[in-house]
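I have placed the structure first, in the form of structure tokens, so that the comments after it can refer back to it.
Read-outs throughout are calculated quantities, based only on the coordinates presented, and are distinct from any laboratory measurement. Note that the structure is predicted; figures quoted are calculated from it, not measured. Quick reminder, even Gly has a Cβ in these numbers, built from the backbone with ideal geometry, and neighbours come from all protein chains shown.
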Amino acid sequence: MALLAYLKSLFILQLLMGFVFVVSGLIINFIQLCTCVLWPINRQLYRRINCRLAYSLWSQLVMLLEWWSGTDCTLYTDQATVDKFGKEHVIVILNHNYEIDFLCGWTMCERYGVLGSSKVLAKHELLKVPLIGWTWYFLEIVFCKRSGKKTERQSLVD
């Protein structure tokens, strides 16, 4: 166990993990770009391929969260709800407080077999983030533009 902890602490291995993620992400994004020709022909096939490509990218981050960092995500719910996981369409609302909240959400998706096909509602600015934003674009994620303070106040009055 001490050897594993030592290996995890080596900068060169951390750098290698980051390099593998970036290179595989760019390859996945390129393949996703190539699948755009399928969109007008067969949307279901386009979506199926892109879900699997996204899974291959997201699963790397889930592995880093669970195995590399040793983070343990626990879901507290009743058994009736657990029995429905992965079998029904659901909307899960997370109160995003920390930088890794989305990774914990992806960990739960991975546990119940819906990681590749999970969707989010994301800030429009995230569309410009390489790898993650680009992958979300090909997954048809909804990107929302934020309004200014003036618009927020006006919506409260209305």
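Length gained on full extension, L4 to N42, computed as 0.36 nm times the residue gap minus the Cα-Cα distance: 9.1 nm.
A crude spin-label estimate for the pair F85 and I12, with each label 7 Å from Cα along the Cβ direction, gives 3.9 nm. Taken over segment 41-158, lysine pairs spaced eight or more positions apart, or on distinct chains, with alpha carbons under 29 Å apart number 12. The calculated 222 nm mean residue ellipticity attributable to helices in the chain amounts to -17000 deg cm²/dmol, summing -39500 (n - 2.57) over DSSP H runs of n ≥ 4 and dividing by all residues.
Within the listed set Q32, Q79, Q44, the Gaussian network model of the chain (springs between alpha-carbon atoms below 10 Å) gives the highest mean-square fluctuation for Q79.
How high is the relative contact order of the chain, in percent, with contacts defined as C-alpha pairs under 8 Å that are six or more residues apart? Relative CO of the chain lands at 24 percent.
The C-alpha radius of gyration of the chain, expressed as a fraction of 2.2 N^0.38 Å, stands at 1.22.
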